[in-house]
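Working notes, beginning with the structure itself.
The values are calculated or read from the model by the stated rules, or taken from the named source; none is laboratory data. Worth saying up front: this structure is predicted, and the values here are computed from it rather than measured. So basically every Cβ, Gly included, is an ideal-geometry build from the backbone, and we count neighbours across all protein chains shown. Protein only, heavy atoms only, side chains kept; ligands, DNA and RNA dropped before computing areas. Shrake-Rupley method; radii C 1.70, N 1.55, O 1.52, S 1.80 Å.
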Amino acid sequence: QKKKLLEELGENRLPYLTPADADFHQLWKTKYSKLIFRKSDAVPEDLHQMVQESFLALREHNCFFQDLVRIKGKDFLTPVSRILIGNPGCTYKYLNTRLFTVPWPAEGYDIKYCSPQIHDACKALMRLNDYLHIETVKALQGQNLFENKEIKDTSVIDRKQSFPTSLTEQGSVSKDQSSVCVSEDDRSLKSRTSYNLTLLNYMDPLQMLYLKQEPYFGMGSMAVSWHHDENLVERSAVAVYSYSCEDSSVQKSNEQELKGRDPAVWHVGLKVAWDIETPGLAVPLHQGDIYLMLDDLNVTHQHCVLAGLSPRFSSTHRVADSSRGTLEYILGQCELALQNLQTDSDSMALSLKSLEAAVVKQVEEIHNEVEFEWLRQFWFQGKRYLKCTDWWLKPMAKLEEFWRKLEIMVS
């Protein structure tokens, strides 16, 4: 599809708009209304400070890693360095690579961190997660998306407002997060907004020898190519906190400036998926800005990240599909498989209770899942997690113990 689109375009590039363009707000209103943007001054200052200090602390402790991912059968190192933080025992899989959460200090879990700074960083990101959950619920309630599923292009823009406020929801931001009540009538609302992890990203574009150029609109260098976020609960929201380490010395790029887009400033790009008629958007991102992708926007649209000149962190909060991605799930699968193993009371010899094809097939599928989706995925990433916590070592040892018993069952 991508190749066909580029062939149709030829040398012509699709138009895209920035806030400086006259039709920007109207386009946002009609084609991108499920994107909510918040300028940094709408977020509590103490939260800014905690989160930005956590980014710097994690970088200082060398906790960001490039991932080895597989795209169309080829392996690549991501230009962006990442770390996954979230609910204990959660994982997140993208581009055939499973990441394991560095657990934030959730109640009821005994988590030992390698330093107080890493503990504080994880705690700050858990607080940001709670804040973004509340703000996402308010955004959905404001648009009535969860009650009016058939309504398209809901207006969130007052044409008379200027850019700093026109892309935000009306009303002030409540600092008392506990004051928001969720209607019991919509049980799916919580499941689509309760972020269970955040994928943190970091990149210094000046350290990159090569960045891919945006192919459809000519938007410039991309840190992350066009994509839909993977492995999410259906119609769940995504919330992003952006922190570019802007410096007063970083002026506009000396390169030929792209139409409407300052190459020195980071942007998020959006387009309607596989659409060669609707103009795209490039929205600038500054220190502490937030944007929310609501409802099915992640399915109907694609987004990319356009690199600026300064280093940038982001915290991307997601409702990861945990049906097959938690420690609790895989341990349960192991227990299920081992129900077919029995020990002779006299000789202590091991044997299978059933040789029915369906039972044997199920056991071997679980055996493969433990090995290839968990043990190999964990250990090929090396000992990166030990820079933050040793939390995963005991569960992995337990999974290896289960795997050895499954090997016996196979033989």
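If we scan the stretch 80-92, do we find a residue that is among the polar types (S, T, N, Q), assigned to a strand (DSSP E or B) and farther than 17 Å from residue 385 by Cβ?
Quick first cut of the stretch 80-92, residues among the polar types (S, T, N, Q) only: 81, 87, 91.
Checking which are assigned to a strand (DSSP E or B) leaves us with 81, 91.
Add one more test, that the residue is farther than 17 Å from residue 385 by Cβ, and what stays is none.
Within the stretch 80-92 (the criterion being among the polar types (S, T, N, Q), assigned to a strand (DSSP E or B) and farther than 17 Å from residue 385 by Cβ), the answer is no, since none of the residues qualifies.
Mind counting the residues in the stretch 29-45 that are assigned to a loop (DSSP other than H, G, I, E, B) and small (Gly, Ala, Ser)?
Residues in the stretch 29-45 being assigned to a loop (DSSP other than H, G, I, E, B) and small (Gly, Ala, Ser): 1 in total.
If you scan the stretch 109-123, which residues turn out to be part of a helix (DSSP H, G or I), in contact with a Phe, Trp or Tyr (Cβ under 9 Å, 6 or more places away or on another chain) and open to solvent by less than 80 Å² (accessible area, probe 1.4 Å)?
119, 121, 122
Can you tell me which residue is farthest from residue 23 (Cα to Cα) among those in the stretch 316-327 that are aliphatic (A, V, I, L, M) and open to solvent by less than 10 Å² (accessible area, probe 1.4 Å)?
From the stretch 316-327, those aliphatic (A, V, I, L, M) are 319-320, 327; that's our starting set.
Filter again for open to solvent by less than 10 Å² (accessible area, probe 1.4 Å), leaving 319-320.
Numbers: 319: 33, 320: 35 Å.
Within the stretch 316-327, the match that is farthest from residue 23 (Cα to Cα) is 320.
Only residues that are farther than 24 Å from residue 135 by Cα and open to solvent by 60 Å² or more (accessible area, probe 1.4 Å): list them for the stretch 34-60, please.
Scanning the stretch 34-60 gives 56, 59, 60.
If you go through the stretch 80-108 one residue at a time, how many are open to solvent by 10 Å² or more (accessible area, probe 1.4 Å) and either without any contact (Cβ under 8 Å) to a residue 40 or more places away in the chain or among the small types (Gly, Ala, Ser) (or both)?
6
Okay, residues lined up against (1) farther than 29 Å from residue 229 by Cα; (2) at pLDDT 95 or above; (3) not small (Gly, Ala, Ser):
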site: 304; (1), (2), (3): no, yes, yes
site: 314; (1), (2), (3): no, yes, no
site: 319; (1), (2), (3): no, yes, yes
site: 338; (1), (2), (3): yes, yes, yes
site: 347; (1), (2), (3): yes, no, no
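Mind checking which residues of the stretch 57-79 are among the hydrophobic types (A, V, I, L, M, F, W, C), in contact (Cβ under 8 Å) with a residue 24 or more places away in the chain and assigned to a strand (DSSP E or B)? Break it down into steps so the answer makes sense when it comes.
Keep residues of the stretch 57-79 that are among the hydrophobic types (A, V, I, L, M, F, W, C), which gives 57-58, 63-65, 68-69, 71, 76-77.
With the extra rule that they be in contact (Cβ under 8 Å) with a residue 24 or more places away in the chain, the set shrinks to 57-58, 63-65, 68-69, 71.
Of everything in the stretch 57-79, those that are among the hydrophobic types (A, V, I, L, M, F, W, C), in contact (Cβ under 8 Å) with a residue 24 or more places away in the chain and assigned to a strand (DSSP E or B) turn out to be 65, 68, 69, 71.
Any residue that is touching a strand residue (DSSP E or B) at 6+ places or on another chain (Cβ under 8 Å), of a type outside the set (D, E, K, R) and free of Cβ contacts under 8 Å to residues at least 60 places away in the same chain - is there at least one of those in the stretch 332-343?
yes
Is it the case that residue 266 is at pLDDT 95 or above and under 25 Å from the mean Cα position of the chain (by Cα)?
On the way: at pLDDT 95 or above: yes; under 25 Å from the mean Cα position of the chain (by Cα): yes.
Taking the combined requirement at face value, the residue satisfies it.
Can you spot a residue in the stretch 96-119 that is within 22 Å of residue 189 (Cα to Cα) and within 15 Å of the chain's Cα centre (by Cα)?
No: zero hits.
Per-residue answers, yes or no, for (1) in the same structural domain as residue 128 (by the TED database); (2) open to solvent by less than 50 Å² (accessible area, probe 1.4 Å):
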| position | (1), (2) |
| --- | --- |
| 305 | yes, yes |
| 314 | yes, yes |
| 333 | no, yes |
| 338 | no, yes |
| 345 | no, no |
| 354 | no, yes |
| 357 | no, no |
| 362 | no, no |
| 369 | no, yes |
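Please indicate, with yes or no, whether at least one residue in the stretch 321-329 is over 18 Å from residue 92 (Cα atoms) and either modelled with pLDDT under 95 or touching a Phe, Trp or Tyr at 6+ places or on another chain (Cβ under 7 Å) (or both).
No: the stretch 321-329 contains no residue that is over 18 Å from residue 92 (Cα atoms) and either modelled with pLDDT under 95 or touching a Phe, Trp or Tyr at 6+ places or on another chain (Cβ under 7 Å) (or both).
What number of residues in the stretch 284-303 are part of a strand (DSSP E or B), open to solvent by less than 10 Å² (accessible area, probe 1.4 Å) and more than 22 Å from residue 236 (Cα to Cα)?
So the count comes out to 0.
For the list (1) in contact (Cβ under 8 Å) with a residue 40 or more places away in the chain; (2) open to solvent by 50 Å² or more (accessible area, probe 1.4 Å), I need the number of the one condition that residue 210 fails.
Checking residue 210 against (1) in contact (Cβ under 8 Å) with a residue 40 or more places away in the chain; (2) open to solvent by 50 Å² or more (accessible area, probe 1.4 Å), the one that fails is (1).
Please give the number of the condition residue 220 fails out of (1) exposed (fewer than 14 other Cβ atoms within 10 Å of the Cβ); (2) at pLDDT 90 or above.
(1)
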